[in-house]
Amino acid sequence: MTVAFKQQSADRLQESLGLVQRLIERQRELESAAARQDGEDAADALAPRHNLAELKQKLAQLHPADIAHVLEALPLEDRLLAWDQTDPARDGAILLEVSDAVRESLIEVMDPDQLVAALAELDTDDLAELAPDLPRQVVYEAMARLDEEARGQLQEVLSYGEDRVGALMDFELVKIRADVSCEVVLRYLRRFDELPNQTDKIFVTDEAGRLKGVLAIRKLLVSDPESEVADVMATEVVSFHPDEPALDAAQAFERYDLVTAPVVDERGMLLGRLTVDAMVDVIREEGDSEVLNLAGLKEEEDLFAPVIDSVKNRWSWLAINLCTAFFASRVIGAFEHSIAQLVALAALMPIVAGIGGNSGNQTITMIVRALAMGQMRTGQASRLWRKEIGVSIINGMIWGSVIGVIAWLLYGSASLGLVMLAAMTLNLMLAATMGVLIPTLMQKLGKDPALGSSVLITACTDSGGFLIFLGLATVFLL
């Protein structure tokens, strides 16, 4: 039997989350009240049990993805209480949907038998996705319960790296021969209880299993039943090799509006297929990774993680930031005499540094995105740098003039206004240069171009902005 869950809009999902939170809060209150009464009132003693039943019923109405959202939004103690009330038959599907950090907290409280039972409900590709986060013995027991074909498929998927196409292959597909009629194909499809998810095409192979083409379902439905598959199938097929990067495949899915695509080996043998839901996950995870790396975070963090875990995730780039901030302070310290003579410098220099940091983050975000999307090669860096320099000069002249006039009116010094104009323009040019250089250099070194980029660009524009502004002021004003 197939269970259908009502789709939740963002507002409805937040309402569901609020209801779950209220039920958990009420559960704490009822348990506390029952403990104080020490079983004097039988009705009061049953109240916590009834409340848990209501919580369980509410969770049963939600899709596994929505339950995952709820669990991620709960503190650890409340999360585990809600987790205990979920249907064990859906534990595997929920584990697939939650973030890596939350998944780890849930797996820690499950005993091996519970984990093996949860895995029994999953397909081979889903089991492969969870395997890296599971105890090795649990994976072995789960594999032992599979038939020989499924075990071989799982071993094949696990042989590829997590960021490769082979690790995301789905083996549930429909394939046919090219020398049969469309009527035969339709009769064959009617033998299925239901088609595999995201089935938009049927894969056409020869006797040896080599891919020859694909037959779209929409094409099959309108074709003459007497026509042979070979006459109506498409032979121009977007296919992937299992060793290709998963991100490249995801970008191809987006570019060609694919729902499914075949995975073939060097000989053209059909190994499996990729589906759009797996590719959406790849794109989302890549986007999350870029955001985290820009901020200098090592990995996705559980919002309610223990303090020590959050400290471990954040400390390294904070240490780097501390060093760069100390360097910026020494730049300011080198001009203490100038600041003492013209106090206005202390009030104006954060403006120069702040505008430079904002402009640098704009440039670096654009470059990182272009590199991630494959729109830019490192050899194009010089051309993009010239373009960004042009943008920075124009912005520097416009906004430097604005702040220069303001400085002139505030402090009655036209020379100070000109120094502000020059300093802002030069610092925006520095920001443009570093915004292109940092991610490009990271890419050439084989690192993620987003890694700590926001921290590094801010350090450059702060130190550089202070040095440029205070240096110009010292030379031309003092």
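Under 11 Å from the Cβ of Lys212, count the other residues' Cβ atoms, weight Lys and Arg +1, Asp and Glu -1, and hand me the total.
With Lys, Arg at +1 and Asp, Glu at -1, the net is 0.
For Cα pairs less than 8 Å apart in space and 6+ apart in sequence, what is the mean separation divided by the residue count of the chain, i.e. the relative contact order in percent?
Details: 624 pairs, mean separation 53.2, N = 478.
Relative contact order here is 11 percent.
In whole percent, and with a 1.4 Å probe on the protein chains, what portion of the accessible area of region 35-118 is carbon and sulfur?
C and S atoms contribute 48 percent here.
Residue-wise, which Karplus ³J(HN,Hα) couplings in Hz belong to region 96-109, taking 6.51 cos²θ - 1.76 cosθ + 1.60, θ = phi - 60°, and x for glycine or proline?
Result, ordered by residue: 5, 8, 6, 5, 4, 5, 6, 4, 4, 5, 6, 5, 4, 9 Hz.
In whole Hz, what ³J(HN,Hα) sequence does region 338-355 give by Karplus (6.51, -1.76, 1.60; θ = phi - 60°), x for Gly and Pro?
Coupling constants for region 338-355: 5, 5, 5, 7, 9, 4, 4, 4, 5, 7, 9, 5, x, 5, 4, 5, x, 5 Hz.
Return the sequence-ordered ³J(HN,Hα) values of region 15-29 in whole Hz as given by the Karplus equation 6.51 cos²θ - 1.76 cosθ + 1.60 applied to θ = phi - 60°, using x for Gly and Pro.
So the J values, rounded to whole Hz, are 5, 5, 4, x, 5, 4, 4, 5, 5, 5, 4, 5, 4, 4, 5.
What Rg and what Dmax come out for region 221-310 when only alpha-carbon atoms are used, in angstroms?
Radius of gyration, then largest Cα-Cα span, for region 221-310: 19.6, 68 Å.
Restricting everything to alpha-carbon atoms, can you work out Rg to Rh for region 35-160 with a Kirkwood hydrodynamic radius?
The Rg/Rh ratio comes out at 1.08.
In square nanometres, what is the average projected area of the Cα convex hull of the chain?
On the way: hull surface 130.8 nm².
The directionally averaged projection comes out at 32.7 nm².
For region 136-177, count the residues as N, evaluate 2.2 N^0.38 Å, and divide the Cα radius of gyration by that value, please.
It is 1.32.
Above 13 angstrom, tally the Cα pairs of region 312-360 and express them as a % of all pairs, no decimals.
Counting pairs separated by more than 13 Å, the tail of P(r) holds 69 percent.
Find, to one decimal place in angstroms, the Kirkwood hydrodynamic radius of region 307-448, where the mean of 1/r is taken over every pair of different Cα atoms and then inverted.
Values: mean 1/r = 0.0582 Å⁻¹.
After inverting the mean inverse Cα-Cα distance, the result is 17.2 Å.
Can you list the residues, at least 5 places off or on another chain, whose amide H is less than 5 Å from the amide H of Ala261, using H built in the peptide plane?
Amide H neighbours of Ala261: Leu274.
For region 83-230, what log10 I(q)/I(0) values come out of the Debye formula at q = 0.14 1/Å, with one point per alpha carbon and no solvent?
Treating every Cα as an identical point scatterer, log10 I(q)/I(0) equals -0.79.
Can you pull the accessible area of Asp248 for me, 1.4 Å probe, Å² to the nearest 10?
Surface accessible to solvent at Asp248 totals approximately 80 Å².
Find the percent of Cα-Cα distances in region 402-478 that exceed 18 Å, and round it to a whole number.
50
If you project the alpha carbons of region 111-196 onto their three principal axes, what span does each projection cover, largest first, in Å?
Here the Cα extents, ordered largest to smallest, are 51, 27, 18 Å.
Looking at region 144-237, I'd like the Rg to Rh ratio, where Rg is from alpha-carbon atoms and Rh is Kirkwood's inverse mean 1/r.
Details: Rg = 15.4 Å, Rh = 14.9 Å.
My calculation puts Rg/Rh at 1.03.
Can you tally the net charge around Met269? Count Lys and Arg as +1, Asp and Glu as -1, for every other residue whose Cβ sits under 11 Å from the Cβ of Met269.
After counting each charged neighbour, the total is -1.
Keeping all protein chains in the complex and leaving out DNA, RNA and ligands, what accessible area do you get for Trp317 with a 1.4 Å probe, in Å² to the nearest 10?
Rounded to the nearest 10, that gives 40 Å².
Note the angle between two axes, namely the Cα long axis of helix 276-294 and the longest principal axis of the Cα atoms of the chain, as a number of degrees from 0 to 90, rounded to the nearest 10.
The angle comes out near 20 degrees.
Assuming R0 = 22 Å, what is the FRET efficiency of Lys312 and Asp288, from their Cβ-Cβ distance, to the nearest 0.05?
For Lys312 and Asp288, the calculated efficiency is 0.75.
As I understand it, the value is the acute angle between the Cα axis of helix 414-444 and the longest principal axis of the Cα atoms of the chain; what does it come to in degrees, rounded to 10?
The answer is roughly 30 degrees.
Give me the net charge of Glu194's neighbourhood, meaning all other residues with Cβ under 14 Å from the Cβ of Glu194; Lys, Arg count +1, Asp, Glu -1. It would help to have the intermediate numbers written out before the result.
On the way: positive: Arg190, Arg191; negative: Asp123, Glu172, Asp193.
Counting the neighbours of Glu194, the net charge comes to -1.
Not counting the cut sites, what is the longest span of the chain without trypsin sites (Lys or Arg not before Pro) that DSSP labels loop and that have at most 16 other Cβ atoms within 10 Å?
7-144
Pairs on different chains or at least eight residues apart, Cα atoms closer than 14 Å: how many lysine pairs in the chain fit? Intermediate values should be presented prior to the final figure.
Details: Lys6/Lys58; Lys175/Lys201; Lys175/Lys212; Lys201/Lys212; Lys201/Lys219; Lys298/Lys312; Lys298/Lys447.
Lysine pairs meeting the criterion: 7.
Assuming 1.306 mPa s and 10 °C, estimate D for region 73-141 with Stokes-Einstein, Rh taken as the Kirkwood radius over Cα pairs, in µm²/s.
D = 131 µm²/s.
With the other protein chains left in place, how much accessible area per residue, in square angstrom, belongs to the chain at a 1.4 angstrom probe?
Accessible surface, normalised per residue, equals 54 Å².
Long-range amide H contacts for Ile176: which residues qualify at under 5 Å (H placed 1.01 Å from N, peptide plane, sequence gap of 5 or more or a different chain)?
Long-range HN contacts for Ile176: Phe203, Val204, Thr205.
The values are calculated or read from the model by the stated rules, or taken from the named source; none is laboratory data. Because the structure is a prediction, the values reported are computed rather than measured. Methodologically, a virtual Cβ is constructed for each residue, glycine included, from the backbone with ideal geometry; neighbour enumeration extends over all protein chains shown. Accessible surface is based on the protein model in full, side chains and every heavy atom, while ligands, DNA and RNA are left aside. Shrake-Rupley method; radii C 1.70, N 1.55, O 1.52, S 1.80 Å.
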